[in-house]
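Have a look at the structure below, then the notes.
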Amino acid sequence: MGTQINADEWHSFFREWSDRLLLFARQQSRSLADAEDILQEAMVQIWGKREVFPRIDSGLLFMQIRRVAIDRARREKRREQREQEYANADDGGFFESRKPGDALDLEQALRALPNEQQEVLVLKIWGGQSFEAIGRTLDISPNTAASRYRYGLEHLRSNFQIRELK
């Protein structure tokens, strides 16, 4: 084990290299916000392994940015595939009747709900989570999760012909 990179060296390096690193991350992503997230994730990963590296290496950071971008792109592709599979499923889905625009209408209705209710509905319906698990995820009690679910579902029922959900 060599000498560990200290925080002052890290900050100095980042001030000098941040624009170049962000530019590279931007080339690996769809948007500036994604690039910033990629850069931050790569920096955190390298910082977490700083005891392994005797000095800060820009090449290592460029390589880590590329790896993070590839991993994020793969996750995004898998998520899009899951969403497409769900959209193409012919199981009757969430609605009693499937008409063009139902999914878009549902998305708009979900967005109209308070964020707390949106989170619970998505975790319960599409995530298949129990109220206990939702409570742990959102740092609320299971009873609060259940009531937010109930209020959100009541709002959606008033706008759609939705089957009873478990």
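Derivation of every value follows stated rules applied to the coordinates shown; laboratory data play no part. None of the values given here were measured: they were computed from a predicted structure.
Extension gain for S147 to V122 (0.36 nm times residue separation, less C-alpha to C-alpha distance): 7.6 nm. Computed over the Cα atoms of region 4-58, pair by distinct pair, the Kirkwood hydrodynamic radius stands at 11.7 angstrom.
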